[in-house]
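The structure appears below as structure tokens.
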Amino acid sequence: MNQYLINGGQRLEGCITVGGSKNASLPLLAASLLGEGESTLHNIPQLSDVQHMVEVLESLGAKTYSDGDALTIEAQTITGVSISENSMRQMRASNLFLGPLLARLGMARIPLPGGCRIGSRPMDQHLKGLAALGVDIIERHGYIEAKSAGMRGADIYFDVPSVGATENLMMAAVAAEGTTVLRNAAREPEIVDLQNMLNAMGAQIAGAGTSMIRVNGRRPLHGTTYTVVPDRIEAGTHMLAAVMTQGDLEINDVVPEHMSPVIAKIKQCGAEVSVKGNSVRVRHVGGIKPMEIKTMSYPGFPTDMQPQFLALMTLADGTSVMTETIFENRFQHVDELRRMGAKIIVEGRSAIIHGVKKLEGAFVEASDLRAGAALFLAALAAEEASVLRNIDYIFRGYERLEEKYQAVGAKVQRMI
Ligand code: UD1
């Protein structure tokens, strides 16, 4: 079993460089299918989710070549339209191939994603949007079979601002005749990144980053070269590591505007934050003030930082409240944090966290990617040794984690 032995209680100090965004890389890799030429993506993080996405691309007939943090995708000939059950089980973001396959070949067959550990994760908004573009959709034997003889632009209103549905619809709409308008679209920076790459491929899309996106379709798309934005969730996790270990970290290759809700909360807890260009320095000064946080769609507080902030709150000087509004089952880290001495009560969608003076080392288990990150932070802050199990979850979203943390003074070792 892959696990970390972490001897906590070390003050972290130094510089950490953030890699390319996982949640931007996945749709950009899917979008590479839309251009008949070759696309090269730079700043691609080395993560298991990225590797899964590459395997799907190859299973569809694309050829890929990697060179350091660059990945070239040659999508001259696409031979498959079907995503395997196994790919979807390994990574739900495999559903991001639905839009590009419809745009490129007029058909796609993908497994219904089913539930996952943090919530039910439906796809109704993706399917509603595609149907409005004229796609015929049949759900049978656990698969979505989508087909279109020619998509037409439409005016689509999302009932919830879904990141994946917004991305899938942008990628389908580039092949639709006329104009598509997406309303109540998700506004995440990763969606702006997708717009920028698609426009570099020859698409005409405007409005990403706002709740209304306009796509003028049916323009010929070609390959391109594009650099992925830095990962704002990785950056936020490092910022909390500075606070929780009473440390001082300079986090480089950050887009500070993408971090505003996270930086605001880190300042509110009493840490010192200074921003200089693409670098953010976070310094623990004094105690950790309790606070209230509610997760929201961007530019609200990100659900992907909820578990890590909840870990921080366990060490606050008082009682904090964390409310999760995006996913219905995203408190699985709570029981593990309790094993480390945290005092947390969950009531419905809120967790009430009574801060303790210190966390104790323990055997703990990651239940998903960000829950794993939260336990990693808690183990760094705890005074004794901890063993963190199931760290394969963490490698879905954090590259070279132990290397980056050893370099700033953490005592973390991988045990196989
Ligand atoms: C993306 C991110 C994930 C993040 C999430 C929310 C990627 C690869 N993953 O996931 O890390 O936690 O955004 O910021 O970018 N919903 C529906 N119907 C739909 C689609 C979604 O009701 O058809 C609901 C979901 O249940 C959830 C909310 O919308 O409550 C947001 O989900 P969504 O933005 O779609 O998340 P993902 O794109 O799957």
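The values are calculated or read from the model by the stated rules, or taken from the named source; none is laboratory data. Being a predicted model, the structure only gives us computed values, none of them experimental. Glycine also receives a Cβ, built like all others from the backbone with ideal geometry; neighbour counts cover every protein chain displayed. The protein model used for the area step is the full one, side chains on, heavy atoms only, and it has no ligands, DNA or RNA in it. Shrake-Rupley method; radii C 1.70, N 1.55, O 1.52, S 1.80 Å.
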Rg and Dmax in Å for the chain, alpha carbons only: what are they? 21.4, 64
Kindly list the residues of the stretch 53-83 that lie in the label zone of E36, defined by a backbone N under 14 Å from the point 7 Å along the Cα-to-C-beta vector. 75-78
Could you provide, to the nearest whole Å², the per residue accessible area of the stretch 140-246 with probe 1.4 Å? 35
Two decimals, Cα atoms only, Kirkwood Rh: what is Rg/Rh over the stretch 1-103? 1.09
Contact order relative to length of the stretch 281-416, as percent, for alpha carbon pairs under 8 angstrom and 6 or more apart: 20
For D159 the rounded accessible area (nearest 10 Å², probe 1.4 Å, non-protein molecules ignored) is 90
If you filter the stretch 372-416 for trypsin sites (Lys or Arg not before Pro), then keep DSSP loop positions with at most 15 other Cβ within 10 Å, what is left? R400
Filter the cross-link list K358/K411; K22/K404; K265/K289; K289/K358; K289/K357; K265/K294 down to pairs whose alpha-carbon distance in this structure exceeds 20 Å. none
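Is there a quick way to get the dipole size of the stretch 212-315? I mean about its Cα centre, with the Cβ of Lys and Arg at +1 and of Asp and Glu at -1; what is the value in debye to the nearest 20?
Numbers: 11 positive and 9 negative charges, 89 e Å.
Its charge dipole is roughly 420 debye.
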State, to one decimal in nm, how far the label point of E58 lies from the label point of E145, with both points 7 Å from Cα in the Cβ direction. 2.9
Expressed in square angstrom to the nearest 10, the accessible area of V56 with a 1.4 Å probe stands at 0
Output for the stretch 108-180: trypsin sites (Lys or Arg not before Pro) sitting in coil per DSSP, at most 15 other Cβ within 10 Å, listed by number, reads R117
Between R121 and S66, what length comes free when the chain is fully extended (0.36 nm per residue of separation minus the Cα-Cα distance, one decimal in nm)? 16.7 nm
Label-point separation in nm, S350 to Q413, each point 7 Å along Cα→Cβ: 4.4
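Per DSSP H run of at least 4 residues, take -39500 (n - 2.57); add these up for the chain, divide by its residues and hand me the 222 nm value, nearest 500 deg cm²/dmol.
Theoretical 222 nm ellipticity from helices: -8500 deg cm²/dmol.
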Any chance you could look up the accessible area of Y65 with a 1.4 Å probe, heavy atoms only, rounded to 10 Å²? 110
Where the Cα pairs of the stretch 310-414 fall when distances are cut into 5 Å bins, in %: 2, 13, 23, 24, 19, 12, 5, 1
